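Bear in mind that the values in this text are calculations on the coordinates, not laboratory data. Everything numeric here is computed off the predicted structure, so don't read it as measured data. Counting neighbours? That spans all protein chains shown, and the Cβs are built from the backbone with ideal geometry, glycine included.
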Protein chains: 4
Amino acid sequence: MASDGELERLAERLRRFAAAREWERFHTPKNLAMALSGEVGELVAEFQWLTPAESADPDPETRRRIRAELGDVTNYLVRLADLLGVDLIEAAHAKLDENERRYDPALYRGSARKAPPITP
Amino acid sequence: MASDGELERLAERLRRFAAAREWERFHTPKNLAMALSGEVGELVAEFQWLTPAESADPDPETRRRIRAELGDVTNYLVRLADLLGVDLIEAAHAKLDENERRYDPALYRGSARKAPPITP
Amino acid sequence: MASDGELERLAERLRRFAAAREWERFHTPKNLAMALSGEVGELVAEFQWLTPAESADPDPETRRRIRAELGDVTNYLVRLADLLGVDLIEAAHAKLDENERRYDPALYRGSARKAPPITP
Amino acid sequence: MASDGELERLAERLRRFAAAREWERFHTPKNLAMALSGEVGELVAEFQWLTPAESADPDPETRRRIRAELGDVTNYLVRLADLLGVDLIEAAHAKLDENERRYDPALYRGSARKAPPITP
């Protein structure tokens, strides 16, 4: 985690939460990756029957559930990264550095395809 | 997003990344939830054949791939939350508030079961 | 598995495949559920940037990849159910029995909402 | 679907279930892939805090929930394949043909690694 940021403070609170319940032995990276996957499944389920347009403006009750799922996903992601000693912010920027090189705007503008056009 | 933190700066970079490629029309919450799900699937796959103990100490090459997947997951999670106007840190702490009330340490110590014991 | 059906024959081939490679010790239900999740993530990724309409008629190359992912998902699902002694066809019909009772066509026609209308 | 097998009969029942509720418009491949992902998330959640050994012998209540989730997963998988015109059994055997060629038992015996050893 970054040394003094908002994610580090959340990671610290999650450490205390697990310690107070003696849940550290359940919190292996393998198990936490599964828990993250389960929460993301619940998040995806909130959007499954919505059209893409509807998904951008969910009704208040759906929005409330989505926010709760996003909180769960964040907690498991931060806990998993903390146990592995990975700084999520650095890892995210490193992936963006790579993607900025890989997806040249001149070749990929407006297209979601993965392969660049043969004649740009 | 929190107004001036590390997640807000990442969200801003992701906005510019999408705008430069005119990818905003692909970035509906529905589509981003799917992309998040796909990346979490890749993360889970890194752990699937490891024992829980092995997962806590992956070899350098596996660790490098896990870090890259964690970066992808973070980017899609932050982008999704940004489009929905959800502050991930606030949402995570709100879920922790709820879980601290729900899982009384006196009842749940050392146990992963969801239901409290009948005679605590 | 059903006693003599197409799923049972697939389960039997999967048993021989694992035995020939001495992979049984990796094939715990926990690990197989993770592998299934990873393959479903790859399947979801095929559809993530498509509109719902486009997803109904993928181009030949996308269709080829989707079919391969559906094969992977089926193999892990059948292997997991086989190890747990669950007959997938019976389990599926049992869930459909339940859903037919739960979602009365008179109340749910044309609606994906989960709660019935207050005044049907 | 195979022309007269148990999966074809299940697909036919799912068609009637959707038609009776006029849910066909929700059942695009994109949406069904998301629903499948959500159900697999629920399945994974059943195993997340179990050790690999415990996952092989779940208690009766957990086993009952796992069976129900396997039923849900099967239903969405069969419905998705039906809409895309993919025969799951053929797709699964095609993937196994490929994997039998790719993972030579002499090189992969007892190992879950993906790359063959340099000196077999």
Exercise. Using a simple spin-label model with points 7 Å from Cα along the Cα→Cβ vector, what separation in nm is obtained for A:ASP57 and C:ASP57?
Worked result: 2.9 nm
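Given the rule -39500 (n - 2.57) for each run of at least 4 DSSP H residues, summed and divided by the residues of chain C, what is its mean residue ellipticity at 222 nm, to the nearest 500 deg cm²/dmol?
Details: 6 runs with 82 residues, N = 120.
Dividing the helical sum by the residues of chain C leaves -22000 deg cm²/dmol.
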Exercise. What list of ³J(HN,Hα) values in whole Hz, one per residue of the range B:65-80 in order, does the Karplus curve 6.51 cos²θ - 1.76 cosθ + 1.60 (θ = phi - 60°) give from phi, with Gly and Pro shown as x?
Worked result: 5, 4, 4, 5, 5, 4, x, 4, 4, 4, 4, 5, 5, 5, 5, 4
For this session: Using a Gaussian network model of chain B whose springs link C-alpha atoms within less than 10 Å, name the residue from B:VAL44, B:VAL78, B:VAL86 with the highest mean-square fluctuation.
Result: B:VAL44
Exercise. Distance in nm between label sites at A:GLU24 and D:ALA112, each 7 Å beyond Cα in the beta-carbon direction?
Worked result: 2.5 nm
For this session: Would you kindly work out, in nm and rounded to one decimal, the distances from the label point of A:ASP97 to those of the same position in each other copy, ordered shortest first, with label points 7 Å along Cα-to-Cβ?
Result: 3.8, 4.5, 5.9
For this session: Calculate the dipole size of the protein assembly as shown relative to its Cα centre from +1 charges on Lys and Arg beta carbons and -1 charges on Asp and Glu beta carbons; express the result in debye to the nearest 20.
Result: 0 debye
Problem set entry | Shortest-first distances to equivalent copies, position C:ARG16, nm, label 7 Å out along Cβ | 3.6, 5.9, 6.0
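What is the sum of charges, Lys and Arg at +1 and Asp and Glu at -1, for the other residues whose Cβ falls under 11 Å from the Cβ of D:HIS27? Present the calculation step by step, with values, prior to reporting the outcome.
Numbers: positive: D:ARG15, D:ARG21, D:ARG25, D:LYS30, D:ARG79; negative: D:GLU22, D:GLU24, D:ASP82.
Around D:HIS27, the charge tally is +2.
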Problem set entry | Acute angle (nearest 10 degrees) that the helix A:29-47 long axis makes with the longest principal axis of chain A, alpha-carbon atoms | 60 degrees
Exercise. What gaps in nm, shortest first, separate D:ARG65 from its twins in the other copies when you place the label 7 Å past Cα toward the beta carbon?
Worked result: 1.8, 3.1, 3.5
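For peptide C:14-26, how many partner chain Cβ atoms fall within 10 Å of a residue's Cβ, on average? Mind showing how you got there, number by number?
On the way: counts 2, 0, 2, 5, 0, 1, 7, 12, 5, 8, 1, 4, 8.
For this peptide, the per-residue mean of nearby foreign Cβ atoms is 4.
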Problem set entry | q = 0.06, 0.07, 0.08 Å⁻¹: log10 I(q)/I(0) that the Debye formula gives for the protein assembly as shown, counting C-alpha atoms only | -0.26, -0.36, -0.48
For this session: Taking the Cβ of D:THR74 as the centre, find all other residues whose Cβ is under 11 Å away and add up their charges (Lys, Arg: +1; Asp, Glu: -1).
Result: -3
Exercise. Hey, what angle do you get for helix A:6-20 against the long axis of chain A, alpha-carbon based, 0 to 90 degrees rounded to 10?
Worked result: 40 degrees
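Using a/c under 1.5 as the rounded threshold, could you call the range A:31-120 rounded, prolate or oblate? The axes a ≥ b ≥ c are square roots of the C-alpha gyration tensor eigenvalues, and prolate needs a/b larger than b/c, oblate otherwise. Walk me through the intermediate numbers first.
Values: a/c = 2.74, a/b = 1.26, b/c = 2.17.
The shape class here is oblate.
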